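*Asks:* The structure under discussion is supplied below as structure tokens; questions concerning it will follow.
No value in this document is a laboratory result; all are computed from the given coordinates. Values in this document were obtained by computation on a predicted structure and should not be read as measured data. Note: ideal-geometry Cβ built from the backbone for every residue, glycine included; neighbour counts use all protein chains shown.
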Amino acid sequence: MAASSVSAAAAVPAQDGAAQNSAPKTPQAAKRLEKFKTTIFTQMSSLAIKHGAINLGQGFPNFDGPEFVKEAAIQAIRDGKNQYARGYGIPDLNSAVAERFKKDTGLSVDPEKEITITSGCTEAIAATMLGLINPGDEVILFAPYYDSYEATLSMASAKIKCVTLRPPNFSIPVDELKSIVSKNTRAILMNTPHNPTGKMFTREELNVIASLCIEHDILVFSDEVYDKLAFEMDHISIASLPGMYERTVTLNSLGKTFSLTGWKIGWAIAPAHLTWGLRQAHSYLTFATSTPMQFAAGTALRAPDSYYEELRRDYLVKKSILVEGLKSVGFKVYPSSGTYFVIVDHTPFGLENDVAFCEYLIKEVGVVAIPTSVFYLNPEDGKNLVRFTFCKDEGTLRSAVERMKEKLVKKG
Ligand code: GLN
């Protein structure tokens, strides 16, 4: 029997319940997912635990979300809001999202027809790809890009086209972008403020994207989960540019703004004709999202402006501790205008590439960062860059800097 059929046969349970053979089974995945590995965030967070390292890798706060939001969730559970929610969101949350979008962008949207509540922005992204992209459609990404974009586009059998944003400013190479637009381009998938670089798309850059999309009838999927963590300039939703709302899906979530990344409440805002497709996918992916958490999310989104101002102020302090710290260690630190991430060039320390540097950092220094090569179609483009997060309490950020100061030595 050929080796491949042995492993296929071994996957079938024996009639009597005993294992048919004890050979290790080859991991199996559908072809469209074969190239993807365990996500870099999962890998790095387990290494952090294994080595007792300070985790400045995966972006989750090590402090808790606000009491008034947690109390609202507890109250909703006690009030018996525990059965399936309406598939596209409880009415109160759809309205709260519409109110916030109006406040932020000036756009009035119909909460019933144009807003869909999902299980985190990751599900909103997947529902958008699966609901609006046909096999073979081309979708343009800006590298480095968040890992789920490539995987969900692959699930939708899309063809990925990519332009690379390069340091120091990670600006859009406009001519390159124009040159990869074709008659098969269905959408541009963008993210501002941008993970992992902290770049925010300027009004000029958004205008370039908008005019290309209008000229060639292209959709925009805009991931804006860090919109409230905008430090150096005001966040602009591309949907608010003239002629863009009708071709844009705006994606967002609760997790980053309310330090509740484990709640997994997200949403997609899009005109009714695009909402239709993404809701079709959402209906059969998750159908509905946790009911009590949706009630609490409605309370959260109606927080006074002072909540958002304080969040920003707190993050500015954290950002400065990390950025100044990394500079004093000897990294070349690239400017980060938004998000809770910052990108550095690790080459002063003489390690071969981003993965080797991160391994050294965990094992010898006791700090976790994220190698960025996984965020590029061509991994070579990320080999000098690693990402740190500052969504940690001040003491943790200071200890991480101290460890690096003590143990990292510049070469040459
Ligand atoms: N968005 C988080 C980050 O970039 C990770 C979320 C996840 O682990 N999938 O760090």
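*Asks:* Across the range 289-303, in residue order, what do the Karplus-derived ³J(HN,Hα) couplings come to in whole Hz, using 6.51 cos²θ - 1.76 cosθ + 1.60 with θ = phi - 60° and x for Gly and Pro?
*Replies:* Coupling constants for the range 289-303: 10, 2, 5, x, 5, 5, 4, 5, 5, x, 4, 4, 5, 8, 4 Hz.
*Asks:* Per DSSP H run of at least 4 residues, take -39500 (n - 2.57); add these up for the chain, divide by its residues and hand me the 222 nm value, nearest 500 deg cm²/dmol.
*Replies:* Working: 13 runs with 161 residues, N = 412.
Using -39500 (n - 2.57) per qualifying helix, the result is -12000 deg cm²/dmol.
*Asks:* Ordered by packing density, taken as the mean number of other Cβ atoms within 10 Å over each peptide's residues, highest first, how do 298-304, 114-120 rank? Please report the intermediate quantities before stating the final value.
*Replies:* Values: 298-304: 18.6, 114-120: 25.3.
Packing proxy ranking, top to bottom: 114-120, 298-304.
*Asks:* Does the range 28-156 come out rounded, prolate or oblate, given a ≥ b ≥ c as the square roots of the eigenvalues of its C-alpha gyration tensor, rounded meaning a/c under 1.5 and, failing that, prolate meaning a/b above b/c?
*Replies:* Working: a/c = 1.90, a/b = 1.18, b/c = 1.61.
Because a/c hits 1.5 or more and a/b fails to exceed b/c, the range 28-156 counts as oblate.
*Asks:* Order 359-368, 81-90 from most to least packed using the mean count of other Cβ atoms within 10 Å. Provide the component values of the computation, followed by the final result.
*Replies:* Numbers: 359-368: 19.1, 81-90: 16.7.
Output ranking for 359-368, 81-90: 359-368, 81-90.
*Asks:* Classify the range 19-80 from the C-alpha gyration tensor, please: rounded if a/c falls under 1.5, else prolate or oblate depending on whether a/b exceeds b/c.
*Replies:* Taking the square roots of the gyration eigenvalues as a ≥ b ≥ c, the range 19-80 is prolate.
*Asks:* Determine, for each peptide in 398-408, 273-283, 309-319, the mean count of other beta carbons within 10 angstrom over its residues, then list the peptides with the highest first.
*Replies:* On the way: 398-408: 17.5, 273-283: 19.4, 309-319: 14.6.
Those peptides, ordered most packed to least, come out 273-283, 398-408, 309-319.
*Asks:* Divide the volume of the convex hull of the Cα atoms of the range 261-330 by its number of residues and quote the answer in cubic angstrom per residue.
*Replies:* Working: hull volume 11.8 nm³, N = 70.
Per-residue hull volume (Cα only) is 168 Å³.
*Asks:* For the range 181-326, taking Cα atoms only, what is the radius of gyration to one decimal and the Dmax to the nearest whole Å?
*Replies:* 17.0, 48
*Asks:* Taking every DSSP beta bridge that has both residues in the chain, what percent is antiparallel when rounded to the nearest 5? Mind dumping the intermediate values first?
*Replies:* Working: 19 of 40 bridges.
Of the beta bridges lying entirely in the chain, close to 50 percent run antiparallel.
*Asks:* Running a GNM on the chain with Cα contacts under 10 Å, which residue among Met190, Met233, Met200 ends up with the highest mean-square fluctuation?
*Replies:* Highest fluctuation among the options: Met233.
*Asks:* Here's something else I'd like to know. Place +1 on the Cβ of every Lys and Arg and -1 on the Cβ of every Asp and Glu in the chain, take the dipole about the Cα centre, and give the residue among Gly106, Ile180, Pro27 whose Cα lies farthest towards its positive end.
*Replies:* The residue sitting farthest along the positive end of the dipole is Pro27.
*Asks:* Could I ask something else about it? Efficiency by 1/(1 + (r/R0)^6): what FRET value for Glu324 and Glu359, r their Cβ-Cβ distance, R0 = 25 Å, to the nearest 0.05? Intermediate results must be reported in sequence, preceding the final value.
*Replies:* Values: r = 26 Å, r/R0 = 1.03.
Computed FRET efficiency for Glu324 and Glu359 comes out at 0.45.
*Asks:* What's the center-to-center distance, using Cα atoms, between the range 108-179 and the range 196-213 in Å?
*Replies:* So the separation of the two Cα centres works out to 14 Å.
*Asks:* Would you kindly derive the ³J(HN,Hα) couplings of the range 151-168 from the backbone phi angles with the Karplus curve 6.51 cos²θ - 1.76 cosθ + 1.60 (θ = phi - 60°), listing them in order in whole Hz, with x for Gly and Pro?
*Replies:* Residue by residue, the range 151-168 yields 5, 6, 5, 5, 4, 8, 6, 7, 9, 8, 10, 9, 10, 9, 8, 10, x, x Hz.
*Asks:* Treat the count of other C-beta atoms within 10 Å as a stand-in for reagent exposure and order Cys162, Cys391 from fewest to most. List each step's numbers first, then the result.
*Replies:* On the way: Cys162 18, Cys391 24.
Ascending number of Cβ neighbours within 10 Å: Cys162, Cys391.
*Asks:* Mind checking the alpha-carbon convex hull of the chain and giving the volume per residue in Å³? The partial results should precede the final answer.
*Replies:* Numbers: hull volume 74.1 nm³, N = 412.
So the per-residue Cα hull volume is 180 Å³.
*Asks:* What is the magnitude of the charge dipole of the chain about its Cα centre, with +1 placed on the Cβ of each Lys and Arg, -1 on the Cβ of each Asp and Glu, and no other charges, expressed in debye to the nearest 20? Walk me through the numbers before you get to the answer.
*Replies:* Working: 44 positive and 45 negative charges, 152 e Å.
Result for the chain is approximately 740 debye, rounded to the nearest 20.
*Asks:* Sticking with this one: If the elastic network links every pair of Cα atoms under 10 Å, which of Ser336, Ser328, Ser45 fluctuates the most in the Gaussian network model of the chain?
*Replies:* Ser328
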